[in-house]
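Beneath this line is the structure, given in structure tokens, with notes to follow.
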Amino acid sequence: MAEPSKQQQVQIKADERELLGQYANLAVVHHNAEEFTLNFIYLFPTVPQGKLVASLILNPKHAKRLLRALEENVGRYEAQFGVLPEDPGTVPAPNVGFVQ
């Protein structure tokens, strides 16, 4: 009989800039057969402009694991702090286009 695998601890290196994180108030998701692309954007509150703050490219299996992790963590958050309201009607979805 196979022995259960032991989980290995992984050391992650990050400098202060990565540890501070980036704030985003919009995420745009695209996909094709091989990958999911998540673009995290900060939309400025006073002008119809935004800035791409991060872009992640995941294979479909990693995207599904991310979905599960987000569902689990939102569930834990709601259990502790109360249900998050979903009100998509108050803020219209922006028409986003990228420029260089």
* Out of all the residues in the range 58-73, is one or more modelled with pLDDT of 95 or more and in a strand (DSSP E or B)? -> yes
* Residue by residue through the range 60-70, note down the ones that are more than 22 Å from GLU18 (Cβ to Cβ) and surrounded by fewer than 12 Cβ atoms within 10 Å (Cβ to Cβ). => LYS61, LEU67, ARG68
* Asked: Which one is farthest from ASN95 (Cα to Cα) among residues in the range 1-37 that are in contact with a helix residue (DSSP H, G or I) (Cβ under 8 Å, 6 or more places away or on another chain) and surrounded by 10 or more Cβ atoms within 10 Å (Cβ to Cβ)?
  -> GLU35
* Structure fact -> Counted residues in the range 10-45 being more than 18 Å from LEU67 (Cβ to Cβ) and assigned to a loop (DSSP other than H, G, I, E, B) come to 12
* Residues in the range 57-87 that are within 12 Å of the chain's Cα centre (by Cα) and of a type in the set (Val, Ile, Thr): how many? -> 1
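The values are calculated or read from the model by the stated rules, or taken from the named source; none is laboratory data. No experiment lies behind these values; they were computed from the predicted model shown. No Cβ is skipped: glycine too gets one built from the backbone with ideal geometry, and neighbour counts run over all protein chains shown.
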